[in-house]
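*Asks:* Dropping the structure in here first, questions after.
The values are calculated or read from the model by the stated rules, or taken from the named source; none is laboratory data. All values reported here derive from a predicted model rather than from experimental measurement. Don't worry about glycine lacking a Cβ; one is built from the backbone with ideal geometry, like all the others, and counts go over all protein chains shown.
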Amino acid sequence: MPLPTALVNAFLENRAAIFVGAGASMAAGLPSWDELIRRLAAELKITLPGQLDQDTLLKIPQYFENRSNRRELMRCVEDLLEQGHKQFLKTTPVQHHPVHHCLAQLPTMLYYTTNVDHFMEDELKAQGIEHNVIDSETMALKLTERRRCQVRKLHGTIGEHFDWDNIVLTRSDYASLPLNRPTIFKALAEDLKSHVFLFVGYSLRDPDFSSLYNNEFFAMRGKQQSHFLALLDDPGKHEINDLQLRGLVPVEVWNYAGSNNSQKLLSFLDLLVDATSEQVHLRRFYRGLKHHDHMSIVVTSRLHERESYVYYPASDIHTADQIKQDLQKLRVTADIVADEYALKNSDRLLSDNVVLVCSPFGNRFTKYVFEHAKRLKKEFAIQGHFGKFGDQRFIETADGRRFSSDSPTAKRVGERTEYGLIARYRNPWAPGKYIFLFAGLQALGTEAIGEFIKRPHGYRQLNEKSNADDIVVILPVMYDKYDPFDYKFELGELIHVSA
């Protein structure tokens, strides 16, 4: 089942926001709105029909509050939510909430939710994403600037030391909501104009969605851009047509893979994350890295003999800078260091994760690493590694293939091909750590690697053929004329080598 192109593009262009409903928390064991209402009704000794209408979904909490008080209603709801989640944790060996885990991986800085749990905030925190929580009118007035990710909670938060007057559950709560939180709803109206929203965890019978549907969307009919609603069940052609007239495009989650609705929703979200999230593919390639880790990126260096200063090839710095930027997205700090420095500190650098830029032909630390590994009989995934034959340089792979490149300054007419190697090797000196190699046969190849990983789907292409610890990929680079001051080349299709 293909993903909606407009939705994918919105995430890729940083124009997307996410609206999270109760269905997302059901995947983590919390009761549905129907189940919650039935349990409250049982406490009231009220018999409910099989199908609950929207009026019933709102009046039962109101009856409960009328019979007891606000505090007792909040205590009862909090207990029901906690019981459901504890039961889920007993039977499900996961360290995160599945749907929220996917939602936190999507490239957006804006989450809205009508849920009163704190699962969305928990997942953002677990993934190291700094965020603000706006769950009251007071917080909305205080946090007007959006310098970091925001979770805007229209119905408040149930948790430790929460204010039950901020929670929206009863019929009177819903009626007074826009009046009590004008700042939040004004921001929502503006965000619906400027963002493409993905609604997840809502059904058409959900009173939360109905409130938005009948107020915000109806008021903006024909004025806002289209948004997307992930539906678990087919509502029928008339309902779909009515949604589209309100600017809502149904996502047919019921057609995605899975034996139940939760699995189908996760299948859809996994595909969306894979298609849009650069960070996910960065994490997959830079395996073993954690938030706040530090790495060294080793580049070629040369000493100017007469004036005694160090200079670096522009191609190495170009690619090293791009790698450093990519690592920063994972909240990993990195220093670009000279190969001469790395040689003097080899024991320390090889006891951790390390990045090598440039082949053994230029980078002396890369040469040292390969030669040292051979002496220790700890071979990397590529056999033969790098070699020379006359003016040619070549890479020989484990399956016997050889990729060779002439000197770019050699006189030759017509298109020529250079090759780059991108690899992740298990570090033979440090179990659980990795050596990442970005190396062209010539400087042109190293420059091209920097351009390749800068592409939106560069890292995704590196990961798509294998999930093994060792990854070896060859990047063909085609060019006609060689100008070291103005590289012009075309990138070929990646060649994935069996490690």
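*Asks:* Which pairs do you get when a residue that is closer than 12 Å to Val200 by Cα, found in region 248-277, comes within reach of a residue that is of a type in the set (Val, Ile, Thr), reach meaning Cβ atoms under 6 angstrom, with the pair 6+ apart or on two chains?
*Replies:* Filtered contacts from region 248-277: Pro250/Ile240; Leu265/Val253; Phe268/Val253.
*Asks:* Now, a different point. Pick out the one residue from Arg331, Arg283 that is charged (D, E, K, R) and assigned to a loop (DSSP other than H, G, I, E, B). Steps first, please.
*Replies:* Values: Arg283 fails: assigned to a loop (DSSP other than H, G, I, E, B).
Going through Arg331, Arg283 in turn, the sole match is Arg331.
*Asks:* If you don't mind, there's one more thing I want to ask. Considering each residue of region 136-165, count those that are assigned to a strand (DSSP E or B) and among the small types (Gly, Ala, Ser), and give that number. It would help to see each step written out before you state the result.
*Replies:* Just the residues of region 136-165 that are assigned to a strand (DSSP E or B), to begin with: 149-153.
Still in the list and also among the small types (Gly, Ala, Ser): none.
Qualifying residue count, region 136-165: 0.
*Asks:* Which one of Arg75, Arg70, Arg38 is in contact with a Leu (Cβ under 8 Å, 6 or more places away or on another chain), at pLDDT below 90 and among the charged types (D, E, K, R)?
*Replies:* Numbers: Arg75 fails: in contact with a Leu (Cβ under 8 Å, 6 or more places away or on another chain); Arg70 fails: in contact with a Leu (Cβ under 8 Å, 6 or more places away or on another chain).
Checking each option against the conditions leaves just Arg38.
*Asks:* As an exercise: evaluate Ala373 against (1) in a strand (DSSP E or B); (2) out of contact with any strand residue (DSSP E or B) (no Cβ under 6 Å at 6 or more places or on another chain) and give the number of the one condition it does not meet.
*Replies:* (1)
*Asks:* Another question, if that's okay. Scanning for something among the hydrophobic types (A, V, I, L, M, F, W, C), in a loop (DSSP other than H, G, I, E, B) and within 24 Å of the chain's Cα centre (by Cα), does region 442-462 turn up at least one residue?
*Replies:* Within region 442-462, the subset among the hydrophobic types (A, V, I, L, M, F, W, C) is 443-444, 448-449, 452-453, 462.
Add one more test, that the residue is in a loop (DSSP other than H, G, I, E, B), and what stays is none.
Scanning region 442-462, I find no residue that is among the hydrophobic types (A, V, I, L, M, F, W, C), in a loop (DSSP other than H, G, I, E, B) and within 24 Å of the chain's Cα centre (by Cα), so the answer is no.
*Asks:* Can you tell me which residues in region 183-203 are in a helix (DSSP H, G or I) and closer than 19 Å to Asn132 by Cβ?
*Replies:* From region 183-203, those in a helix (DSSP H, G or I) are 183-194; that's our starting set.
Within region 183-203, Thr183, Ile184, Phe185, Lys186, Ala187, Leu188, Glu190, Asp191, Ser194 qualify.
*Asks:* Of the residues that sit in region 227-248 and are more than 23 Å from the chain's Cα centre (by Cα) and under 19 Å from Thr5 (Cα atoms), which one is surrounded by the fewest Cβ atoms within 10 Å (Cβ to Cβ)?
*Replies:* Among them, the one singled out is Gln244.
*Asks:* Another question about this same structure. Just give me the residues in region 385-405 being closer than 25 Å to Pro484 by Cβ and at pLDDT below 80, in sequence order. Lay out the reasoning, then the answer.
*Replies:* So in region 385-405, the residues closer than 25 Å to Pro484 by Cβ come out as 386-395, 403-405.
Once the filter is applied, which keeps residues that are closer than 25 Å to Pro484 by Cβ and at pLDDT below 80, region 385-405 yields Gly390, Asp391.
*Asks:* Give the residues of region 291-325 that are among the basic types (Lys, Arg) and either surrounded by 14 or more Cβ atoms within 10 Å (Cβ to Cβ) or modelled with pLDDT of 85 or more (or both), sorted by residue number.
*Replies:* Once the filter is applied, which keeps residues that are among the basic types (Lys, Arg) and either surrounded by 14 or more Cβ atoms within 10 Å (Cβ to Cβ) or modelled with pLDDT of 85 or more (or both), region 291-325 yields Arg302, Lys324.
*Asks:* Can you pull out the residues in region 406-424 that are touching a helix residue (DSSP H, G or I) at 6+ places or on another chain (Cβ under 9 Å) and either at pLDDT below 90 or under 20 Å from Val369 (Cβ atoms) (or both)?
*Replies:* Initially, region 406-424 is screened for residues touching a helix residue (DSSP H, G or I) at 6+ places or on another chain (Cβ under 9 Å), giving 408, 418-422, 424.
Passing the criteria: Pro408, Tyr419, Gly420, Leu421, Ile422, Arg424.
*Asks:* Take Ser267 and tell me if it is assigned by TED's automatic domain parsing to the domain that holds Phe452 and either of a type outside the set (A, V, I, L, M) or modelled with pLDDT of 95 or more (or both).
*Replies:* no
*Asks:* Please work out if Ser267 is part of a loop (DSSP other than H, G, I, E, B) and within 19 Å of Met26 (Cα to Cα).
*Replies:* Numbers: part of a loop (DSSP other than H, G, I, E, B): no; within 19 Å of Met26 (Cα to Cα): yes.
No, not satisfied.
*Asks:* Which count do you get for residues in region 195-211 that are at pLDDT 70 or above and either within 24 Å of the chain's Cα centre (by Cα) or among the acidic types (Asp, Glu) (or both)?
*Replies:* Residues meeting the conditions: 8.
*Asks:* Hey, another quick one. Evaluate region 465-475: report whether one residue or more is more than 30 Å from Asp347 (Cα to Cα), assigned by TED's automatic domain parsing to the domain that holds Phe365, assigned to a loop (DSSP other than H, G, I, E, B) and without any contact (Cβ under 8 Å) to a residue 24 or more places away in the chain.
*Replies:* There is no residue in region 465-475 that is more than 30 Å from Asp347 (Cα to Cα), assigned by TED's automatic domain parsing to the domain that holds Phe365, assigned to a loop (DSSP other than H, G, I, E, B) and without any contact (Cβ under 8 Å) to a residue 24 or more places away in the chain.
*Asks:* Looking at Val133, Val116, which is the one that is outside any loop (DSSP other than H, G, I, E, B) and either closer than 23 Å to Ala230 by Cβ or not acidic (Asp, Glu) (or both)? It would help to see each step written out before you state the result.
*Replies:* Details: Val116 fails: outside any loop (DSSP other than H, G, I, E, B).
So the residue among Val133, Val116 that is outside any loop (DSSP other than H, G, I, E, B) and either closer than 23 Å to Ala230 by Cβ or not acidic (Asp, Glu) (or both) is Val133.
*Asks:* Give region 333-347 a look and list any residue that's under 34 Å from the mean Cα position of the chain (by Cα) and more than 13 Å from Asn427 (Cβ to Cβ), or say none.
*Replies:* Matches in region 333-347: Thr333, Ala334, Asp335, Ile336, Val337, Ala338, Asp339, Ala342.
*Asks:* Only one of Leu188, Leu154, Leu192, Leu169 is surrounded by 14 or more Cβ atoms within 10 Å (Cβ to Cβ), farther than 23 Å from Gln328 by Cα and modelled with pLDDT under 85. Can you tell me which?
*Replies:* Working: Leu188 fails: modelled with pLDDT under 85; Leu154 fails: modelled with pLDDT under 85; Leu192 fails: modelled with pLDDT under 85.
Of the residues listed, the single one that is surrounded by 14 or more Cβ atoms within 10 Å (Cβ to Cβ), farther than 23 Å from Gln328 by Cα and modelled with pLDDT under 85 is Leu169.
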